[in-house]
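Here the structure is laid out as C-alpha cells; the discussion comes afterwards.
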C-alpha cells in the first residue's frame, strides 16, 4: 500500500494556485497584446489573440487535469497509474493544440501568421519566466 | 502536382515528424525518470507529478511550435 504524505498533497495545491496565477497573467498579457495591436490592424490583433488562446486553452486543460485533487484511494495511486494519467493528459493537450491550429488555419481568413506565432511563442516564454520567478522553482529541480 | 506544392507538403511533413521525434525522446526520458523516482520514493508521487507537469511544458514547447508551423504550411500555404 502506498501512502502519500500530507506535505506532498499540500505541494500539489500550492503548485495549482501558482499555476492558476500564471495562467491569469498570461491571459491578461494576451488581451493587452491584442488591444495594443488593434491600433495597428484588426487582422494582426485577432491573430495575436488566437495565437495566445491556442497556447493557453490546452495548457489550462492539462493543468486542470493533473493538478486537480484526486479522490482515488491511495492504493490506486501507483507509479504506473500516475504516469499513465500524465501521458494521457499530455496526449490530449497535443491533440487539442493541433486541432486548434488546424481550425484556425482553415476557418480564419485573413490571418497574420507572424502575429499568431509571435504571440504563441511570446506567451510560452512568459510562462517559462513566470515559472522561474515562482520560488525559483527550476533551481529546486 | 506542381513541384513547389509537393516540396511544401514534404516540408510540412518533416516539421511535424521531426517535432514528434523530439517530443517523443524528451517525454520518454521524462517518464522514465518519473518512474525511477516514484519507485524509489512512492510517497513523493504527487510532488513528482507536479514537477513532471512543469518540465513537460518545457519539453513539448518547441515541438508544438513546429507542429503549428507545419499545420500552417499544410493548410494555409500549400
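The values are calculated or read from the model by the stated rules, or taken from the named source; none is laboratory data. Model, not experiment: these values are computed from the prediction. Cβ placement follows ideal geometry from the backbone for every residue including glycine, while neighbour counts extend to all protein chains displayed.
What to note about this one:
Matching residues to (1) surrounded by fewer than 16 Cβ atoms within 10 Å (Cβ to Cβ); (2) within 10 Å of chain B (Cβ to nearest Cβ); (3) modelled with pLDDT of 90 or more:
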| position | (1), (2), (3) |
| --- | --- |
| A:12 | no, yes, no |
| A:78 | yes, yes, no |
| A:86 | no, yes, no |
| A:96 | no, no, yes |
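- Residue satisfying all of: in region B:59-68; facing chain A (nearest Cβ under 7 Å) and surrounded by fewer than 20 Cβ atoms within 10 Å (Cβ to Cβ); nearest to the chain's Cα centre (by Cα) among these: B:61
- Top-ranked residue in region B:10-53 [being under 22 Å from residue A:95 (Cβ atoms) and over 14 Å from the mean Cα position of the chain (by Cα); ranked as surrounded by the fewest Cβ atoms within 10 Å (Cβ to Cβ)]: B:13
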